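> Sharing a structure here in structure tokens format.
The values are calculated or read from the model by the stated rules, or taken from the named source; none is laboratory data. Keep in mind the model is a prediction, meaning the values are calculated, not measured. Every residue, glycine among them, receives a Cβ derived from its backbone with ideal geometry; neighbour counts consider all protein chains shown. SASA here: full protein model, heavy atoms, side chains in, ligands and nucleic acids out. Shrake-Rupley method; radii C 1.70, N 1.55, O 1.52, S 1.80 Å.
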Amino acid sequence: MTRPPTAAQRRVIDAADPVTGRLKGTEAQLAALVKRGLAFRHPRPPHDHFLTPAGHRIREAPPEPSAPMSPPAPADSGVFAARIGGEEAPPSGPARTREVHSAWQGLLELRRMTNPDGTMDRPCAWERTHLVQAAALALEAAGHRPAVGTDEVGYRVRATPQPEAVAVRDPDTTALRACAATLQKAGWQVSEHGEPRTGARYVLASPRRV
């Protein structure tokens, strides 16, 4: 693709579901994105449109310098983010539970659509480029408790210097191993380690490829 998307196309791309890449727009807008290789039409009813990997890259890239800058989205704009642990005043309650469940189901559908063999028991390309969010979503969807603020109780998912690996920490060893079991069931390779200086246990998790 040599030309950037138009302002209208960029708005459609930016409004895509952050997990599944599902698009909403007019038939003409969606058809134009398909023609440019930024979206595809699902072959099964209701024939929704979704971002391709190229479309996801456009969505995650900053706007062109010449384009007018949009105001930042408000905190309550509805963009979903899994709890990685350590957030202050995180969302909770029945509405949050429904939102997490919907996001997890959407991620499973994304696996089915984008994994070459259509499997849903192995992480997909989106998860490999959003490791912390993907692992946190698996944990939150399974009901594990994230840490709140500086609270010592609960899991924390963090990036590591290792490629395609996140670290999961929880001072409760039983809870930590339960997190490891959840990630393993969700298609991640896990291993438990100890900090050299403190001996604190943590789990390294990487998306399984086969």
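> Using only the alpha carbons of the chain, determine the length spanned along each of the three principal axes and report them from longest to shortest in whole angstroms.
57, 40, 35
> To continue, here is another question. I need the peptides 179-192, 126-139, 87-100 ranked by packing, meaning the mean over residues of other C-beta atoms within 10 angstrom, with the highest value on top.
The packing order, highest mean first, is 126-139, 179-192, 87-100.
> Same structure, new question: Tell me the relative contact order for the chain as a rounded percent, counting alpha carbon contacts under 8 Å between residues six or more apart.
Once normalised by length, the contact order is 15 percent.
> Another question, if that's okay. Give me the angle, in degrees from 0 to 90, between the Cα long axis of helix 173-185 and the longest principal axis of the Cα atoms of the chain, rounded to the nearest 10.
For helix 173-185, the angle is close to 40 degrees.
> Okay, moving on. Using a simple charge model, +1 on the beta-carbon of Lys and Arg, -1 on the beta-carbon of Asp and Glu, nothing else, what dipole does the stretch 1-52 show about its Cα centre, in debye to the nearest 20?
Magnitude of the dipole: close to 140 debye.
> State the antiparallel share, in %, of DSSP beta bridges confined to the chain, rounding to the nearest 5.
90
> Now a separate question. Dipole size in debye (nearest 20) for the chain around its Cα centre, Lys and Arg Cβ +1, Asp and Glu Cβ -1?
Roughly 680 debye for the chain.
> Further question: Excluding ligands, DNA and RNA, what is the solvent-accessible area per residue of the stretch 150-210 at a probe of 1.4 Å, expressed in Å²?
Each residue of the stretch 150-210 exposes 60 Å² on average to a 1.4 Å probe.
> Also, quick follow-up: So in the stretch 89-210, what percent of DSSP beta bridges are antiparallel if you round to the nearest 5?
Here the share of antiparallel DSSP bridges comes out near 95 percent.
> Under a point-charge model restricted to the Cβ atoms of Lys and Arg (+1) and Asp and Glu (-1), what is the dipole moment magnitude of the stretch 123-210 relative to its Cα centre, in debye to the nearest 20?
Roughly 240 debye for the stretch 123-210.
> Moving on to the next point. Picking from 105, 13, 26, whose Cα lies most toward the positive end of the charge dipole for the chain (charges on Cβ: Lys, Arg +1; Asp, Glu -1)?
Final value for the positive-end residue is 26.
> Follow-up question, since we're still on this one. Quote to one decimal, in nm, the extra length available between residue 24 and residue 121 on full extension: 0.36 nm per residue of separation minus the C-alpha distance between them.
32.2 nm
> Over the chain, what percent of the accessible surface lies on carbon and sulfur atoms, probe 1.4 Å?
Carbon with sulfur: 56 percent of the solvent-accessible area.
> Separate question: Which of the peptides 107-113, 196-202 is most tightly packed, and how do the rest follow, judged by the mean count of other Cβ atoms within 10 Å per residue?
The densest-packed peptide leads the list: 107-113, 196-202.
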